[in-house]
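Presented below is the structure to which this report refers.
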There are 2 protein chains.
Amino acid sequence: MARTKNDMREAVMVAAKATVQAHGYNALSFRELAKEVGIKSASVHYHFPTKGDLGAALARRYTEEGAAYLAELLATSNDASWCMERYADIFRAALANDNRMCLCGIMSAELDDLPPEVRAEVDKFAAMNVGWLIKVLSRAKPSASEQDLQEHGMAIFAAIEGAQLVARGCQDISIYDRTIRAYRTTGLIL
Amino acid sequence: MARTKNDMREAVMVAAKATVQAHGYNALSFRELAKEVGIKSASVHYHFPTKGDLGAALARRYTEEGAAYLAELLATSNDASWCMERYADIFRAALANDNRMCLCGIMSAELDDLPPEVRAEVDKFAAMNVGWLIKVLSRAKPSASEQDLQEHGMAIFAAIEGAQLVARGCQDISIYDRTIRAYRTTGLIL
DNA sequence: CGCAACCTATCTATCGATAGACAGACAAAA
DNA sequence: TTTTGTCTGTCTATCGATAGATAGGTTGCG
């Protein structure tokens, strides 16, 4: 047994990510986590000294992986509408995966109970998303002012997070789909 | 001491509402709650046998009070835009009040840990809001189809919940304001 | 050897919930 | 009028479960 350090650390992060997306940061338990990956809770502390360390590592990686995927989208196509559709698909996939949420969306709801290092990562995730959306929007609206793009990008991010939150609350993914459609109809998203 | 039953029950609900809006349902503790209202935790169980009972009572009242306020808005003015602004103001007020959230919004994030009776109330709150929004929209767009109105109402509700969630996550109420402005600019809201 | 990875065992704190006691209010019975 | 009994609201004390965290031991590889 006893894979290399990074193997087990990796397994812990995968399990933790799934738990947080389903139940939130507060519901993340070292004992449950340990059970899932086949070690003891004390050993989880070996890889992540405190819960805050684990949470921050999770959020940081979540942002990094998201950024990498989004960059890939931008590089794949010049079609802003296509990029936007793929973007909405990301958040849909979380719902489709056992009614889960965006890691940073669910953490935003728990904000007051988060250690500072985790809170900082939540901010970075939002900024990263808005930054990407601005790039996409600027392709479709090259004449728009910087401030307009900024507000529009924030609005799209917030609207999609909200669609995910509400659809999750009602446990009905079709609410997400219909909401995104309405966003498109009204011109909020491309 | 020992006010009438309803006095203390009321005090518990007020304190519980504030706690849930700030920290979520899971963070609601009978001991903390009891300390705030000046009794012991066992006495809270006298008023609300289980935590689920308290949560469901909270959410039910939240929906009822919201519905009453919204009905008053509808009765006050025929101006759909004005009603919509007041609607957005409600969610803004929660943020202004110590970065709190919509009770049902924050509960949606915790959905999987909610007792069924609480979960049911979350659904009702969303339905109540969408129903009201449809009424407002139908005043402004009398020719729209029922399905369009439905989707548009859901979209507005989700977008505003999302704006609240994201602004809270960034602890910056100006994000809410700018997001709502963008919703108006793009034509999502009136 | 010596370090990496994981273990056992335990600590303190907090959770929702329950049992059982008690003080005060109030109404019916004597 | 006084006594008795019941109900309400609160209390103390405690239960079992679970939380994050730590100290110190064991195992195995290089």
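What follows is calculated from the coordinates using simple rules that are stated; it is not laboratory data. In this text the structure is predicted, and so the values were computed from the model without any measurement. All Cβ positions, glycine included, derive from the backbone under ideal geometry; neighbour counts span all protein chains shown.
Miscellaneous remarks
- Relative contact order for the range B:1-103, counting Cα pairs under 8 Å that sit 6 or more residues apart, in percent: 28
- Here is how far apart the B:LYS135 label points are across copies: 4.6 nm, shortest first, using a point 7 Å from Cα toward Cβ.
- Alpha-carbon centroids, the range A:119-175 and the range B:4-64: separation in whole Å: 35
- The protein assembly as shown: C-alpha gyration tensor shape, a/c 1.5 cut-off, then a/b vs b/c: oblate
- Between copies, A:SER43 shows label-point distances of 4.9 nm, shortest first, with the point placed 7 angstrom from Cα along Cα to C-beta.
- Within straight-line reach of B:LYS141, meaning a Cα separation under 27 Å, sit the following lysines at least 8 residues removed in sequence or on another chain: B:LYS124.
- Teacher prompt: B:ARG184 distances to equivalent labels in other copies, 7 Å Cα→Cβ, nm: 2.8
- 11 Å beta-carbon shell around B:GLU151, net charge (K/R +1, D/E -1): 0
- About the centre of its Cα atoms, the range B:5-186 shows a dipole size close to 280 debye [charges on the beta carbon of Lys, Arg (+1) and Asp, Glu (-1) only; nearest 20 debye].
- Note on the protein assembly as shown: helix-only mean residue ellipticity at 222 nm, from DSSP H runs of 4+ residues weighted -39500 (n - 2.57) and normalised by residue number, equals -26000 deg cm²/dmol.
- Selection from A:LEU133, A:ALA163, A:ALA22, by position along the positive dipole direction of the protein assembly as shown (Cβ): A:ALA22
- DSSP-assigned coil residues among trypsin sites (Lys or Arg not before Pro) in the range B:99-136, each with at most 14 further Cβ atoms within 10 Å: none
- Debye log10 I(q)/I(0) for the range A:65-190, one point scatterer per Cα, at q = 0.12 Å⁻¹: -0.45
- Sites matching trypsin sites (Lys or Arg not before Pro) across the range B:25-88 that sit in DSSP coil, with at most 12 neighbouring C-beta atoms within 10 Å: B:LYS40
- Distance to the A-onto-B rotation axis is smallest for one chain A Cβ; residue and value in angstrom are A:GLY162, 1.
- Cross-link reach list, lysines versus A:LYS40, counting only Cα pairs under 27 Å and skipping chain neighbours closer than eight places: A:LYS5, A:LYS17, A:LYS51
- Separation of the A:ARG31 and A:GLU85 label points, Cα + 7 Å toward Cβ, nm: 4.9
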